[in-house]
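Chemist: Submitted below is the structure of interest, expressed as C-alpha cells.
No lab work stands behind these numbers, since they all come straight from the coordinates. It should be emphasised that the depicted structure is a prediction, and the values quoted were computed from it without experimental measurement. When we count neighbours, we look across all protein chains shown, and the Cβ atoms used for this are built from the backbone with ideal geometry, even at glycine.
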Amino acid sequence: MTILPEPAILAAFVLASVILIITPGPDMTLFLGQTINGGRARGLASMFGATAGLLVHSMLAAFGLSALLVASATAFTVIKVAGAGYLLWLALQAIRHGSSLSLKPGVPSHLSLRRAFAIGLGVNLLNPKIVMFFLTFLPQFVSASDPDAPARLLMLGLLYALLTPPLCAPMILGAERFAAAMRASPRMMRAFDWTFAGLMGAFAARLLFARAN
C-alpha cells in the first residue's frame, strides 16, 4: 500500500500548494513585517512558528476528515461539495478585495526569537480561516471511495506544511526588495489575486462538475 496519490493528483496538489503559499496574505505579512522591523532571524522564527501551526492544522483536519469518512462516506462527500462553495467564495473575495499584504514600516522592537516563534504560532492557530481552508482544500484531492483516504489526507496536509519553509525563506532573506517590489507593482499584486482566484475556482468547478455527472 502507498499513501501517495496518483502522480497527476500529487502534481496538481503540489502546484496548488506552491501558488497558495506564495500568494500574499496574513502569514506573509507577518513574516515580512517581522523581518523588516526586527531582522531576518526574527522573520524566520515567526515563519517556523506559523509552520508549526500549519502542522497542527494539517493533523487536526486530516484526523477529523478521516473520522468523518469512516463514519459516513456520504457525509464526507457533502463536506467536499460544501468546500467547493467555500473555495469559490475565496476566489470571489480575492478578485473583489485583493491580496492582504499590507506592510507598515515600524521601529524595530526588542523581541526574542522565542517570542517571534510564539507570535507566528499563535497567529496561525487562532486564524479560523486556516481551519476552514484545510477542511475544504484537502478533501479535493481524495476520493471518498479510496480505502487509503485517511492516510492520504494526513500525508497531503503534512506535505503542505513542509513546503512552506523552502518557499517562504527566500522571501524573508530578500524581504526589503520583495516588499518594495510588491508595493511598487499593483499589476503583480493583481496577478497573484487572479491566479489564486482562478485556482480556487478551478477546484470548485472540477468538483461540482464531477458531482453533476
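Chemist: Would you mind ranking Y160, Y86 by Cβ crowding within 10 Å, fewest neighbours first? Could you put the intermediate results ahead of the total?
Modeler: Details: Y160 25, Y86 16.
Exposure proxy ranking, most exposed first: Y86, Y160.
Chemist: If N is the number of residues in segment 46-99, what value comes out of its Cα radius of gyration divided by 2.2 N^0.38 Å?
Modeler: Numbers: Rg = 14.8 Å, N = 54, 2.2 N^0.38 = 10.0 Å.
Relative to the rule-of-thumb radius for its length, segment 46-99 sits at 1.47.
Chemist: Can you tell me how much longer the chain between A202 and R190 gets when fully stretched, taken as 0.36 nm per residue apart minus their C-alpha distance, in nm with one decimal?
Modeler: On the way: separation 12, 0.36 × 12 = 4.32 nm, distance 1.78 nm.
The A202-R190 span can extend by a further 2.5 nm.
Chemist: Grab the beta carbon distance between V81 and D146, set R0 = 25 Å, and tell me the FRET efficiency rounded to 0.05. Write out the running numbers ahead of the final one.
Modeler: Working: r = 17 Å, r/R0 = 0.68.
Here the calculated transfer efficiency is 0.90.
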